[in-house]
Structures are given as structure tokens and as C-alpha cells.
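The values are calculated or read from the model by the stated rules, or taken from the named source; none is laboratory data. None of these values were measured; they are calculated from a predicted model. Cβ coordinates were reconstructed from backbone atoms using ideal geometry, including for glycine residues, and neighbour counts include every protein chain displayed.
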């Protein structure tokens, strides 16, 4: 029997997490003039990434309720 696919947690205190496409990630890194290794990290198994299919090396955009955006590099 296959296990049901888990959905990302939905709660008002958990900000929206979105995987960036490669082109989007390159644009963000260029805008801030940093490499991917210079931004904060987030584990691929982080509860907020459940159901996103996040893999090491991808960049996640985190949008908070006040509209601010942060970026994280997905690591194993």
C-alpha cells in the first residue's frame, strides 16, 4: 500500500515557501551579488518544504506576512 503524499504545513505562522526556477534563482543571486553558498541554508527535510520536492542546490523564496522575502539554499 502506497503512503499518501504529504502536503506542506498550512498555518498562519508558517510563511509561504516556494522553490525558484533556475532562471529566477540566477536573477536573485545576481541582484544581491552573491553566490548560492553565501545565502542562509535550509535542510531539504525541513517541515516547511514537505511536498515541494526540494532538492539540494535549489533556492527557496520565503515570503512572510509583511511581504518581505528571504532566500535559502536547500542542503541535504
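Check segment 57-70 and report whether any residue there is touching a strand residue (DSSP E or B) at 6+ places or on another chain (Cβ under 7 Å), touching a residue at least 40 places away in the same chain (Cβ under 8 Å) and in a loop (DSSP other than H, G, I, E, B).
No; the residues of segment 57-70 include none that is touching a strand residue (DSSP E or B) at 6+ places or on another chain (Cβ under 7 Å), touching a residue at least 40 places away in the same chain (Cβ under 8 Å) and in a loop (DSSP other than H, G, I, E, B).
Residue-by-condition table, conditions (1) surrounded by 13 or more Cβ atoms within 10 Å (Cβ to Cβ); (2) modelled with pLDDT of 90 or more; (3) over 12 Å from the mean Cα position of the chain (by Cα); (4) outside any helix (DSSP H, G or I):
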position: 7; (1), (2), (3), (4): no, no, yes, yes
position: 23; (1), (2), (3), (4): no, yes, yes, no
position: 27; (1), (2), (3), (4): no, yes, yes, no
position: 34; (1), (2), (3), (4): no, yes, yes, yes
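Considering segment 9-21 alone, what residues qualify as being touching a strand residue (DSSP E or B) at 6+ places or on another chain (Cβ under 9 Å), modelled with pLDDT under 95 and in a loop (DSSP other than H, G, I, E, B)?
15 - this is the single residue of segment 9-21 that is touching a strand residue (DSSP E or B) at 6+ places or on another chain (Cβ under 9 Å), modelled with pLDDT under 95 and in a loop (DSSP other than H, G, I, E, B).
Modelled with pLDDT of 95 or more, surrounded by 14 or more Cβ atoms within 10 Å (Cβ to Cβ) and part of a strand (DSSP E or B): is that true of residue 74 in this structure?
Yes.
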